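> Provided herewith is a single structure, encoded as structure tokens, for subsequent inquiry.
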Amino acid sequence: MDVEIRFIDSSKGKGLFAKKSFSERSVIFEEEPLVACQFSWNAKCKYRACDHCLRPLETAEENARRLTGNTNLILPYPECCTTKKDTIVSCEKCGVEYCSPDCLTSANSQYHQTICLGTHERNGIHPLELLDEAWRNIHFPPETNSVMLIVRLLSRIVQCDDPQLAISQILQFCHRTVNEDNALAHKLLGYKFSDQIDKLRTLMQQAFPHETIQQFVTVEGFKSLLALIGTNGQGTGTSALSQWVSEVSKLPLADLEKTNLDQFIDKLYQDIDDHTGSFLNNEGVALYMLQSAANHSCLPNAEVSFLHNNTKLSLVALRDINEGEEIFISYLGECDLQRSRVSRHRELMENYLFECECEKCLKECDNFYITSDEDEDIDV
Ligand SMILES: [Zn+2]
Ligand SMILES: [Zn+2]
Ligand SMILES: [Zn+2]
């Protein structure tokens, strides 16, 4: 491992540090998620992805047909599609699909056995289905998180040979006070849905009568899990079509062919925009042990990337990083990152409860009274 998690001090907590130097654009590390799941609406709207790693299960052509609504669409260069249909398998009890036998085995051994709906007596509707539905009614697209991530986390503990070890792993993420958890849980769901937290908690409790996880379905325990996914959940997305686009762009084509292909792709995205709008990808959320140890900076030296069209995360250096240097990522989106210091601080405080003291913020501290125009339009 070329990075390490180090304790900085009691106010800053932990951070991620380079154990060797990295050059710009190099991959610092890659990691599989502790748990991942597709967003509820995304799955319900038939964005077909592996239930374990989110790899697309449609061919690029099927993907393009669904997104354009044109069932006769033919994609040229079909050899550039990376989806392997012949390895797709499904759970024989409940029918959820996986991209490969490996994913089915991993899912079953880690968490799926406990929550497979096919193995439960279905007297009416199962608490897990009600939970998913309740979450969808609170959390409309564009989605940013999923209560089903908590379901998988708890399942992992239940299925682990050493549940105490699994619990201590999860508690590493939870280091906040009760009041902080409260604020973060309400922020995640939106303040108008505060009554719903207990409904979600009760359903979670019904779905998990297991002795080992009872500490996580108490009022406080459940809020700390909501705070955990709210602050550490990393968005992730995959797409058969964008993989195809990236593969065809590597083909050695003659000028005319290249021009035709570019025109075809432009038209394709225009048609998708007309028919589907901006929801192009299979989307979900995941938790990563190493990546979540990285602190925020408004001038980050690394960024999260998904280079394998699944939930395997790659952390990529944005500039040269020296041995011993702390590795920072940005918790803010590209757009928010460009805003004024005041604006960034408000976002970080509301969503992560900390005051940013990064290099950029300290420098801009001197210009405290200069704020960008949009700040005045924001409801506080
Ligand atoms: Zn998979
Ligand atoms: Zn199943
Ligand atoms: Zn900052």
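> What lysines could a cross-link reach from K267, if we take a straight Cα to Cα line under 19 Å and drop same-chain neighbours fewer than 8 places away?
K258
> With the chain treated as a Gaussian network of Cα nodes joined by springs under 10 Å, which of L290, L226, L337 yields the largest mean-square fluctuation?
L337
> Over the chain, with every protein chain in place, what whole percent of the accessible area is carbon and sulfur at 1.4 Å, could you tell me?
Working: 9600 of 19470 Å².
C and S fraction of accessible area: 49 percent.
> Test of understanding: express the Cα radius of gyration of the range 244-356 as a ratio to 2.2 N^0.38 Å, with N the residue count. Walk me through the intermediate numbers first.
Numbers: Rg = 19.0 Å, N = 113, 2.2 N^0.38 = 13.3 Å.
The value comes to 1.43.
> Given a Förster distance of 22 Å, report the FRET efficiency between Q205 and Q164 from their Cβ-Cβ distance, rounded to the nearest 0.05.
That gives a FRET efficiency of 0.60.
> For the chain, what is the relative contact order in percent, using Cα pairs closer than 8 Å and at least 6 residues apart in sequence? Numbers along the way, then the final one.
Working: 595 pairs, mean separation 104.0, N = 380.
Result for the chain is 27 percent.
> Follow-up question, since we're still on this one. Looking at the chain only, what percent of DSSP beta bridges run antiparallel? Nearest 5 please.
Working: 29 of 31 bridges.
Approximately 95 percent, going by the DSSP bridge assignments.
> If you don't mind, there's one more thing I want to ask. Please find the FRET efficiency linking N351 to K250, where r is the Cβ-Cβ separation and R0 is fixed at 41 Å, and quote it to the nearest 0.05.
Values: r = 38 Å, r/R0 = 0.93.
E(calc), rounded to 0.05, equals 0.60.
> Here is a follow-up. Please list, ordered by chain and number, the residues whose modelled amide H lies under 5 Å from the amide H of K14; skip anything fewer than 5 residues away on the same chain.
I8
> Suppose each label sits 7 Å from its Cα in the direction of the beta carbon; what would the N72-D266 distance come out to in nanometres?
Each label point is offset 7 Å from its Cα along the Cβ direction, giving 2.4 nm.
> Here's something else I'd like to know. Given the convex hull over the Cα atoms of the chain, what projected area results after averaging over all orientations, in nm²?
Working: hull surface 88.9 nm².
About 22.2 nm², averaged over all directions.
> Right, another one. Holding the Cα-Cα limit at 29 Å, pick out from K44/K84; K44/K312; K20/K223; K44/K250 the pairs that are longer than that. Spell out each step's value before the answer.
Values: K44/K84 22 Å; K44/K312 23 Å; K20/K223 38 Å; K44/K250 34 Å.
From K44/K84; K44/K312; K20/K223; K44/K250, over 29 Å: K20/K223; K44/K250.
> Please sort through the DSSP H helices of the chain and keep those with an alpha-carbon extent of at least 27 Å along the long axis and a Kyte-Doolittle average not below 1.6. Could you put the intermediate results ahead of the total?
Numbers: long enough: 255-275 (30 Å, -1.18).
Long hydrophobic helices here: none detected.
> Say each of D198 and I8 gets a label point 7 Å from the Cα, pointing the same way as Cα to Cβ; how far apart are those two points in nm?
Taking the simple label geometry, D198 and I8 are separated by 3.9 nm.
> Taking the solvent-accessible surface of protein heavy atoms with a 1.4 Å probe, what is the per residue accessible area of the range 35-234 in Å²?
Numbers: 9540 Å² over 200 residues.
It amounts to 48 Å² per residue over the range 35-234.
The values are calculated or read from the model by the stated rules, or taken from the named source; none is laboratory data. Small disclaimer: the values here were computed from a predicted structure and weren't measured. Cβ sites come from the backbone with ideal geometry, for glycine too, and all protein chains shown count toward neighbours. Keep in mind that these areas ignore ligands, DNA and RNA; they rest on the heavy atoms of the full protein, side chains included. Shrake-Rupley method; radii C 1.70, N 1.55, O 1.52, S 1.80 Å.
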